[in-house]
Amino acid sequence: MNPFELKPKPLEEIIMNWKQLSPKPYDKHDVDPYTRCRVILMNGTEFEAVWYGHQFSRHTGDNELRRQVALLRRLEQQQQKLIGALKPADETILEHTIGYEQLAVDLTAGLAQREDNPYVKQALDFALLEDFDHLYRYADLMEFDDGQHAEELVGRYTEIMPGRPTIAHHRHPFDSVKFHIQNRTASPMTRLCTGIITAAEQQTMNYYMNVAAFYPTAWGQKLYREIGMVEEQHVTQYGSLMDTEQTWLEGCLNHQYTECYLYWSAMETETDPRIKNVWLMLFEQEVSHLHAAANLLETYEGREAAQVIPDGTFPDPLLLTGNIDYVRGVLGGTVCNTALREDWTNVNDLARGADFFTYQGIVNGDVRDVESHAIIERVIGRDGEDYRFEVAPNPVSALRDRKRDDTSLGRVQGTPC
Ligand SMILES: [Fe+2]
Ligand SMILES: [Fe+2]
Ligand SMILES: [Fe+2]
């Protein structure tokens, strides 16, 4: 499939009416977990498209170009509204959160296994273990506050157990900035991957920024605040991987191409026939956006789309699915890793005065105040053990104890890994 070879509809013909923007939501009781994940992913992708469009407009003085960008952005907003309406009103903040973290785990693991750039793969594997741990902490919040088992929501495709403990995720901002790729030399999948994962993590960050204050319990709000700060680190890491040398119009073309690829992937892999039709319609709209972006590039920069995207043929579709064995392998091998400037290293190999320890000392203070730890202690205190869903013992022996939450691993030097 090459979207540059399809015939696009004119942009004015794809403006939707209010009725089209109000589809029936999915049923939270029988939705496939990965349909929920696709809705979250595409919502985040549209959010990125809208915000990229606003930033573009604020960095351009040509009002004719800004009108064209406003038209494209209006269409992206409509798509976001339509996708946002697929989430049912009776799905709670926390249920939806479990979907966010399942997406973060299985999208990241899926991309990592396809990634041919070892540096980008390392970035994915690194943050993978953190979102995996977030899933466990939120699942325990759900057990504590609602007595609900998150394994039902994730359909048992994704394990729910400790990863790299969240208390160890809090690093100095200097350690999240990585080397950027160059689109000219990167493979098509690497280019797509950096854009996709940045938008997805950014959506998680934004979601937690907005919902933390709406969560009903004080300890739950604290957990959202803490994990929200880790998502800021993830967005910094992934965003820093993206090519920094694109013009705004090149970036626009790459965004549209990525959207085309994601809707096409969603359409190819969707199991709910009604939602599959939604993806098909939005894919066709994106083809129009893509051709419009290519025209703008030609008009304003005198360049062909093929100079930015030499071969528009899509790689295989992105499939969201379980990755239990893969996650276990990464967890067993790299649980004690932390970030060090552009690299990653075992925390036991850091210099004593490393920024990591300074930052940890400031933000964590007393570990009992760290909610990602405290919530597990609350569940243990009430139920005698934590809540988890695992198909075999945790690959890291220090994380097997269900009656004690480990706060040293990957954080306190000298702790065996
Ligand atoms: Fe879009
Ligand atoms: Fe994340
Ligand atoms: Fe678009």
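Since every read-out is calculated from the coordinates, none of them should be taken as a lab result. Nothing here was measured: the structure is a model prediction, and the numbers come from that model. In this analysis, Cβ positions are derived from the backbone assuming ideal geometry, glycine residues included, and neighbour counts consider all displayed protein chains.
A compact table of results
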{"read-out": "Condition check for Glu268: away from ligand 3 (no atom under 15 Å from the Cβ) and of a type in the set (Asp, Glu)", "value": "yes"}
{"read-out": "Among the residues listed as Arg225, Arg164, Arg171, Arg137, the single one being over 30 Å from Asp30 (Cβ atoms), away from ligand 3 (no atom under 16 Å from the Cβ), touching a residue at least 12 places away in the same chain (Cβ under 8 Å) and in a helix (DSSP H, G or I)", "value": "Arg225"}
{"read-out": "Qualifying residue in region 96-113 (condition: more than 30 Å from Asn394 (Cβ to Cβ) and out of contact with any Gly (no Cβ under 6 Å at 6 or more places or on another chain))", "value": "no"}
{"read-out": "Inter-residue pairs, beta-carbon under 8 Å, first within 16 Å of ligand 3 (Cβ to nearest atom) and in region 235-260, second basic (Lys, Arg) and part of a helix (DSSP H, G or I), 6+ apart", "value": "Asn254/Arg191"}
{"read-out": "Selection within region 78-128 - more than 23 Å from Leu340 (Cβ to Cβ), buried (at least 22 other Cβ atoms within 10 Å of the Cβ) and among the charged types (D, E, K, R)", "value": "Glu101, Asp106"}
{"read-out": "Checklist (1) away from ligand 3 (no atom under 16 Å from the Cβ); (2) of a type in the set (A, V, I, L, M); (3) within 18 Å of Asn43 (Cα to Cα); (4) surrounded by fewer than 24 Cβ atoms within 10 Å (Cβ to Cβ) applied to Ile197, failing item", "value": "(4)"}
{"read-out": "Top-ranked residue in region 383-408 [being touching a helix residue (DSSP H, G or I) at 6+ places or on another chain (Cβ under 7 Å) and exposed (fewer than 14 other Cβ atoms within 10 Å of the Cβ); ranked as farthest from Arg328 (Cα to Cα)]", "value": "Lys403"}
{"read-out": "Any chance Lys24 is assigned to a loop (DSSP other than H, G, I, E, B), touching a helix residue (DSSP H, G or I) at 6+ places or on another chain (Cβ under 7 Å) and either within 16 Å of ligand 2 (Cβ to nearest atom) or under 18 Å from Lys276 (Cα atoms) (or both)", "value": "no"}
{"read-out": "Matching residues in region 34-57 - criterion: being more than 10 Å from Ile83 (Cα to Cα) and within 13 Å of ligand 3 (Cβ to nearest atom)", "value": "Thr45, Phe47, Glu48, Ala49, Val50, Trp51, Tyr52, Gly53, Phe56"}
{"read-out": "Some residue of region 265-273 being within 14 Å of ligand 1 (Cβ to nearest atom), closer than 16 Å to Val50 by Cβ, of a type outside the set (Val, Ile, Thr) and assigned to a helix (DSSP H, G or I)", "value": "no"}
{"read-out": "Only one of Arg225, Arg274 that is of a type in the set (Lys, Arg) and away from ligand 2 (no atom under 16 Å from the Cβ)", "value": "Arg274"}
{"read-out": "Matching residues, region 145-161, being surrounded by fewer than 20 Cβ atoms within 10 Å (Cβ to Cβ) and in a helix (DSSP H, G or I)", "value": "Asp145, Asp146, Glu151, Glu152"}
{"read-out": "Residue among Thr258, Thr299 that alone is among the β-branched types (Val, Ile, Thr), within 16 Å of ligand 1 (Cβ to nearest atom) and either under 27 Å from Leu82 (Cα atoms) or assigned to a helix (DSSP H, G or I) (or both)", "value": "Thr258"}
{"read-out": "Conditions (1) out of contact with any Leu (no Cβ under 8 Å at 6 or more places or on another chain); (2) farther than 30 Å from Ala150 by Cβ; (3) in contact (Cβ under 8 Å) with a residue 60 or more places away in the chain: number failed by Phe47", "value": "(2)"}
{"read-out": "Some residue of region 201-216 being away from ligand 1 (no atom under 16 Å from the Cβ), surrounded by fewer than 20 Cβ atoms within 10 Å (Cβ to Cβ) and part of a loop (DSSP other than H, G, I, E, B)", "value": "yes"}
{"read-out": "Where Ile362 falls short, out of the listed (1) surrounded by 14 or more Cβ atoms within 10 Å (Cβ to Cβ); (2) away from ligand 1 (no atom under 16 Å from the Cβ); (3) without any contact (Cβ under 8 Å) to a residue 60 or more places away in the chain; (4) hydrophobic (A, V, I, L, M, F, W, C)", "value": "(1)"}
{"read-out": "Residues that are more than 16 Å from ligand 1 (Cβ to nearest atom) and either of a type in the set (Asp, Glu) or buried (at least 19 other Cβ atoms within 10 Å of the Cβ) (or both), drawn from region 58-77", "value": "Asp62, Glu64"}
{"read-out": "Breaking point among (1) away from ligand 3 (no atom under 16 Å from the Cβ); (2) in contact with a helix residue (DSSP H, G or I) (Cβ under 9 Å, 6 or more places away or on another chain); (3) over 30 Å from Trp219 (Cβ atoms); (4) without any contact (Cβ under 8 Å) to a residue 60 or more places away in the chain, for Pro118", "value": "(2)"}
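A quick yes/no check of all residues on (1) within 16 Å of ligand 2 (Cβ to nearest atom); (2) polar (S, T, N, Q); (3) part of a loop (DSSP other than H, G, I, E, B):
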residue	(1), (2), (3)
Ala70	no, no, no
Glu91	no, no, yes
Leu103	yes, no, no
Asp106	yes, no, no
Gln113	no, yes, no
